[in-house]
Amino acid sequence: MLKVGLTGGIGSGKSEVSARLRAHGAMIIDADRIAREVVEPGTPGLAAVAAEFGEEILRPDGSLDREKLASIVFSDADRRAALNAIVHPLVGERVAELMEAAPEDAVVVYDVPLLVENDLAGMYDVVVVVDAPVETQIRRLVERRGMTEEEARARIAAQATREQRRALAHHVIDNSGSLDELHAQVDALWDELVRRAHTAPAG
């Protein structure tokens, strides 16, 4: 099994790279998606979050009001740490379950937005960074996600720098060009990952 950490700044195009790898046959473990799953209505995770942050972070239908929770934790490191202390162990348990079910020769790609920020590079055999110029990231966030330029710059500033991510990368995918150019890089990367997976020691 080959463990690949896939990361990139917001607006870098990481989701497109992840989708392309999935189409090739990679097993994708999406940290953000799992983090949402473990706090769905009726889960122990959501009950723990509500107990910590109060019922006001729940919507009328009982689901988590993510925007309200984000407004609490985004600018308060202590509250963010309290949230992470609840969610991260639950995510870890779910990831372990998925890993247990994976074939021995699988290429397992962990889609981890904060891989660098949380010092997780050592967990993976290969670290892949999707990179794009900051101005390109900002344009995408404004055009595709409806952010203001100020919001986009604030989100980017809250993450690791391009230089910090690139310093930990085994492979850098340059997503400053066309979609075809991006796909060609991902296709070449996939060929190499498959070769590595088939020559890696078991386990």
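Applying the condition of being over 14 Å from residue 182 (Cβ atoms) and of a type outside the set (A, V, I, L, M) to segment 12-31 and asking which residue is least open to solvent (accessible area, probe 1.4 Å) yields 30.
Checking 85, 96, 77, 101 one by one, the residue that is closer than 23 Å to residue 39 by Cα, over 20 Å from the mean Cα position of the chain (by Cα) and of a type in the set (A, V, I, L, M, F, W, C) is 101 and no other. For first residues located in segment 69-88 and open to solvent by less than 60 Å² (accessible area, probe 1.4 Å), partners that are in a helix (DSSP H, G or I) and polar (S, T, N, Q) and lie 6+ apart or on another chain with Cβ distances below 9 Å form the pairs 73/84.
Being of a type in the set (D, E, K, R) and in contact (Cβ under 8 Å) with a residue 60 or more places away in the chain is the filter; apply it to segment 146-187 and report the residue that is surrounded by the most Cβ atoms within 10 Å (Cβ to Cβ).
So, considering only residues that are of a type in the set (D, E, K, R) and in contact (Cβ under 8 Å) with a residue 60 or more places away in the chain, the one surrounded by the most Cβ atoms within 10 Å (Cβ to Cβ) is 165.
Note on segment 33-56: residues that are under 12 Å from residue 69 (Cβ atoms), open to solvent by less than 60 Å² (accessible area, probe 1.4 Å) and either modelled with pLDDT of 95 or more or in a loop (DSSP other than H, G, I, E, B) (or both) total 6.
Quick check: anything in segment 127-138 under 22 Å from residue 31 (Cα atoms) and open to solvent by 20 Å² or more (accessible area, probe 1.4 Å)? No: zero hits.
The values are calculated or read from the model by the stated rules, or taken from the named source; none is laboratory data. None of these values were measured; they are calculated from a predicted model. FYI the Cβ positions are ideal-geometry reconstructions off the backbone, even for glycines, and counts take in every protein chain you see. The area values use the complete protein model at the heavy-atom level, side chains included, leaving out ligands, DNA and RNA. Shrake-Rupley method; radii C 1.70, N 1.55, O 1.52, S 1.80 Å.
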